[in-house]
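The block underneath contains the structure these notes are about, expressed in structure tokens.
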Amino acid sequence: MNRPFLSALLLLALASPLRAWAQTPAQPKPARPVGAIAANNTDQFLMRDGEVVLRSGSGTKPLTQNVVLSNGTKVNYKSGIVELPGGKKTTLKEGDYVTMQGDIVFATPGSAAASRGTVAPASGQFEQYVDRNSPPTTADMETRLSSLNSRITLMAQKIQLLNDKISLLSAGTQRPADTSQLDQQIKALDEQLKQVK
């Protein structure tokens, strides 16, 4: 076979798939579900005045139908009943909301307890939230340093008492040494160490 014929045959073989690809129609975008609303990732479905509304930034919009989130969480806009993908259901109370990711955030300890089927603590207070990712304050660092210094001092005293006990027990006398007084001091130091945080 001659070279020009092979080149033409090769060009024809390569052009066929390109021609087929160029003629393939573009895939249409999936249609938006009927009644779907535009929302951002930071928007929330808030229980307010007995109905669920869409909170976007500082504004709210009323809903006209139930919501199904991308993870399968369902929110009934009239009753505030939330059905999680696993089938568990809970009812939102005033101020509770559902994030776009399907997480439920409770406004009060009472509504959180009600969702679990328990009673809210008598104090009606949430425990103080501590953000583990935020840098500690100077006061936090001073408190930690003071606590650490106290622990170091108590541990040094305990080590000294344990060394004294070892010395007494290894003295090689016929009668075993009485270490009861050292044992009481060690026990007292252990109790102090438990109280230092």
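The values are calculated or read from the model by the stated rules, or taken from the named source; none is laboratory data. Given the structure is predicted, the values throughout are model-derived calculations rather than measurements. All Cβ positions, even for glycine, are placed from backbone atoms using ideal geometry, and neighbour counts span all protein chains on display.
Return the residue satisfying two criteria in turn: it lies in the range 94-113 and is surrounded by 14 or more Cβ atoms within 10 Å (Cβ to Cβ), of a type outside the set (Gly, Ala, Ser) and more than 16 Å from residue 42 (Cα to Cα), and of such residues it is modelled with the highest pLDDT. Steps first, please.
The first filter runs over the range 94-113 and keeps only residues surrounded by 14 or more Cβ atoms within 10 Å (Cβ to Cβ), leaving 96-100, 102, 104-113.
Among the residues that remain, those that are also of a type outside the set (Gly, Ala, Ser) are: 96-100, 104-106, 108-109.
Add one more test, that the residue is more than 16 Å from residue 42 (Cα to Cα), and what stays is 106, 108-109.
Working: 106: 84, 108: 81, 109: 79.
This residue is 106.
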Would you be able to say whether some residue in the range 72-93 is closer than 17 Å to residue 43 by Cβ, at pLDDT below 90 and surrounded by fewer than 14 Cβ atoms within 10 Å (Cβ to Cβ)? no
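Within the range 142-150, does at least one residue satisfy the condition of being surrounded by 14 or more Cβ atoms within 10 Å (Cβ to Cβ) and at pLDDT 80 or above? Working first, answer last.
Taking the range 142-150 as the starting set, the residues that turn out to be surrounded by 14 or more Cβ atoms within 10 Å (Cβ to Cβ) are 150.
If we keep only those that are at pLDDT 80 or above as well, we get 150.
The answer is yes; a qualifying residue exists.
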